[in-house]
Structure formats: structure tokens, C-alpha cells
Amino acid sequence: MSTTADIIARCQALYEDLDFTAARAWKAAAPGRRVVGYLPVYIPLELIHAAGCLPLGLFGGGDQMEVIHGDAYYQSYICRIPRSTIELGVTKRLDFVDGMIFPFVCDVIRNLSGIWKMMFPQVWSKFFDTPQNFDRSIGGTYYTQELRELRQGLDTLTGRTIGDDDIRRSIGLYNENRRLVRQVYAFRAKQPWQAPTADVYLLMRAGLMMPVEEHNQMLAAYLAAAALDQRPKRDNVRVAIYGSFCEQPPLNLIKSIEMAGCYVVDDDYALVNRFLTEDVPVDGDPLEALSTAYLEISVETSCKYVPREEDKGKFHIAAVKQCGAEGVIYATPSFCDPALLDRPMICGRLKEAGIPHIAFKYAENSGQMQPIREQAGTFADSIKLWS
Ligand code: SF4
């Protein structure tokens with residue numbers, strides 16, 4: 001049986017490999033295989049899987065890659081993920097990727113889709129626009145059509161026809177994945193000392209770079225191994241981290257928060273595999289099932305409109321209560337318009353609910369951890385002393 005150390009070492013190797021050796025090997029293992037890259041925050045991975053392709057989550061270059069060419073394409077006052085994604089492209093690290101999907105998160109990723117089309121015209125690419133209207137007859141009809149177009153694009157890319165049963169089978173596998181992911185999060189919320197946040201983070205990121213069948217086995221193995229680990233329980237406070245759904249903080253920042261005295265019991269890091277909160281039905285029309293799931297059982301996050309102002313932040317407050325967090329750290333990428341526009345509204349609601357919170361900004365290549373440790377440590381102490 002694998003230990004958690006074995007599993008996490010494999011995840012870390014995948015996370016650090018900006019040449020995507022494992023995805024290249026998957027593609028080379030059989031003729032005709034295709035790899036489809038995608039950016040945060042959410043796309044229906046089920047369709048890519050049903051097309052027989054490997055979905056490859058791309059979250060920029062992190063803090064390991066120097067951005068040289070990418071800066072030339074963007075002004076200084078936007079976030080870093082589009083620049084480092086361009087850098088991955090121009091340095092040929094993505095030269096094996098057959099298709100790219102750019103979901104609607106904000107103007108930056110939408111515009112990146114146009115730049116990608118011009119720079120890499122040989123790569124099939126799609127701007128995938130999700131609805132901001134959550135009425136089944138309006139947003140639902142629109143979104144089902146968008147899913148149909150995505151399906152047709154994948155048919156053309158692969159030269160095969162994706163059947164409804166193929167999609168239903170993929171939905172079943174991703175339902176299992178989401179269930180296991182929820183189990184890992186519930187395990188960590190119950191015994192956070194048994195599942196360090198950096199381990200859980202790496203486990204989730206690895207799943208966005210490998211076939212879902214393999215990730216399901218890995219999650220089950222991790223849950224079995226983590227329950228047997230003997231780790232000391234520290235006098236940490238329980239916090240939830242929100243605002244980090246797109247550009248990711250460096251791994252050292254994630255570790256620093258825990259080292260400063262905080263157990264992270266919930267987060268929205270790289271939301272992809274937790275975007276839908278329940279199973280998607282495997283009967284009926286599979287595109288309508290995915291569409292309705294997006295409208296009705298997806299998380300609240302900054303790239304989704306909340307139609308009624310009084311509902312803003314309710315999702316986060318309910319999540320804080322469910323995971324038993326004693327405070328919230330709202331950590332956002334620098335220049336992230338969606339998250340920074342949300343910040344005063346979400347933090348205002350946390351204040352009304354009497355939930356202690358702090359906020360800071362980061363970039364995927366932030367190098368100075370000491371200020372973050374001091375801020376998170378002081379926050380933890382203030383909760384212990386006064387909450
Ligand atoms: S980090 Fe924020 S601003 Fe940048 S691409 Fe992502 S959602 Fe858009």
C-alpha cells in the first residue's frame with residue numbers, strides 16, 4: 001500500500017514539471033491520442049474525456065519559471081497567469097497540446113484566447129463562454145448550445161463522434177472524482193493535522209494533469225493512507241481561504257500559512273474539480289444535465305454573477321460554518337479584477353456575520369513569505385486571544 005509521502009512525492013513531481021512529461025508520455029503511448037489544455041476556473045472535463053482526450057489543467061508557470069517573452073504581450077497592471085501561459089507557449093513547453101479551451105473567467109483569459117489563436121493558429125482553440133443568467137430557459141438554453149459547440153469542436157479535433165453514452169460514462173467517472181475530492185476535504189476539515197494543506201493542494205493539482213480514472217485511484221489510496229498517518233496535533237486555528245480560484249499562490253505561500261499557526265479547513269484553490277457540488281445525473285440528455293448542474297449546483301465564485309445583492313456572500317458564510325473555520329483569509333492575485341471587486345462585498349458579509357477575516361494579495365511568483373507569515377500568524381493569535 002502506498003504511503004501519503006509516496007503519493008504526494010508523485011504529485012509534487014507532476015506539479016513541478018513544466019515540460020509536462022507525464023502528459024507527453026500519455027499522448028505518445030497510443031496513436032491518435034490528443035491532449036486538450038484548459039485554463040481556470042471551470043470547464044466540463046466530461047466532454048474532453050468522452051472525446052478520448054486528456055484534459056490538461058494549465059495554471060501558469062508558478063514561481064519556477066522566468067517570464068521573458070510573456071511580459072511583452074501585456075501591460076504591467078494585470079495579473080501574471082496570462083503572461084506565464086504565453087511564456088509556456090513560446091518556449092514550446094506546450095508544443096504537444098492539440099487543443100486549448102479558455103473559459104470565461106474575466107476579460108484577461110477571454111483576450112488570451114484571441115492572442116492564442118493568432119500565435120498558434122495550428123492549435124484548435126475555443127473561448128468557452130459560460131452564462132451569467134441562471135434561468136434554465138435562458139442561461140440554460142444558451143449554455144446547452146455552448147456545450148453542443150464544444151462537442152462539435154472536439155469531434156472535429158479527434159475525427160470521431162462523441163456519443164451520449166460516452167458522455168454519460170464520463171459524467172459517472174467525474175461524479176466519483178468529485179465524491180472522493182469531497183471526502184478528502186471533509187477528512188481534512190475533521191482532522192486537519194492529518195492532511196496538511198500543501199499535500200491536499202498537490203493532490204488536487206495532480207488530478208488536473210492525469211486521467212480521471214487514475215486520479216480516482218490516487219484519491220482513494222490517499223484517504224486510506226492518511227487515516228493511518230501519525231502526525232502531531234498542533235494548537236492551530238482553523239481558517240478558510242477564499243479568493244484564490246484562478247492564478248495560484250506559490251506552494252511556499254500555501255505552506256507558510258499553515259506554518260504561521262493556521263489549519264486550512266476549506267479553500268477555493270484551483271476550483272476545477274470542486275466547481276460542481278453534487279453528482280450530475282447520468283440519465284437523460286447529458287448536455288442538459290451538465291448545463292443544469294452549472295446553473296444549479298455550482299459554487300459561488302467571483303466569475304459568476306449573483307443576481308440578488310442580498311445573496312452575495314451567503315455561500316461563503318455557509319461554507320465557513322460547514323467546515324468549522326474560525327476565520328477567513330481572503331487571498332487574491334494582484335490585479336485580479338473579479339476577486340478584488342468581490343473582496344469588499346464578501347468581507348463586508350463576513351463582518352456582519354461576526355467572522356474574523358484578513359485579506360492580502362499575492363502573485364504566482366511571490367517570493368517574500370515573511371510578511372505573509374507575520375500577517376497570518378498575527379491573525380491566528382488574535383483569534384486565539386479574542387474570538
Ligand atoms: S487571476 Fe483574476 S484577473 Fe487574472 S485571469 Fe484569473 S480571474 Fe482574470
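We did not get these values from a lab; they are worked out from the coordinates using the rules stated. All figures in this text were calculated on a predicted structure; none of them were measured in a lab. All Cβ positions, even for glycine, are placed from backbone atoms using ideal geometry, and neighbour counts span all protein chains on display.
General observations
- Only Lys, Arg (+1) and Asp, Glu (-1) charged, at Cβ; the chain dipole about Cα centre in debye: 480
- Among the trypsin sites (Lys or Arg not before Pro) within the range 208-264, those in coil by DSSP and having at most 16 neighbouring Cβ atoms inside 10 Å are Lys233, Arg234.
- Contact order normalised by residue count of the chain, Cα under 8 Å, 6+ apart, percent: 20
- Cross-link pairs beyond the 27 Å C-alpha cut-off, checked among Lys27/Lys126; Lys312/Lys361; Lys255/Lys304; Lys126/Lys255; Lys117/Lys361: Lys255/Lys304; Lys126/Lys255; Lys117/Lys361
- Cα shape, the range 65-204, gyration tensor, a/c 1.5 rule: oblate
- Here the simple spin-label model places points 7 Å from the Cα toward Cβ, and for Thr141 and Asp285 these points are separated by 1.1 nm.
- Amide N of the range 262-282 lying under 20 Å from the label point, which is placed 7 angstrom from the Cα of Ile297 along Cα→Cβ: 271-282
- Cβ-derived FRET efficiency at R0 45 Å, Thr161 paired with Lys255, nearest 0.05: 0.45
- Net charge over other residues, Cβ less than 12 angstrom from the Cβ of Ile162 (K, R count +1; D, E count -1): 0
- Of the chymotrypsin sites (Phe, Trp or Tyr not before Pro) found in the range 300-387, the ones in coil according to DSSP and having at most 12 other Cβ atoms within 10 Å of their Cβ are Tyr305.
- Candidates Phe128, Ser76, Gly61 compared by Cα position along the dipole of the range 1-158: farthest toward the positive end lies Phe128, with charges placed on Cβ.
- Counting charges near Val67 (Lys, Arg +1; Asp, Glu -1) among other residues having Cβ under 13 Å from its Cβ returns a value of -3.
- 0 to 90° range, to nearest 10: angle between helix 107-119 axis and the chain longest Cα axis: 40
- Environment charge of Thr3, counting only residues whose C-beta is closer than 13 Å and scoring Lys/Arg +1, Asp/Glu -1: -1
- Protection proxy ranking, peptides 279-286, 366-373, average beta carbon neighbours within 10 Å, highest first: 279-286, 366-373
- Nearby aspartates and glutamates by direct alpha-carbon distance to Lys351 (threshold 17 angstrom, same-chain neighbours under 8 apart not counted): Glu309, Glu310, Asp311, Glu326, Asp342
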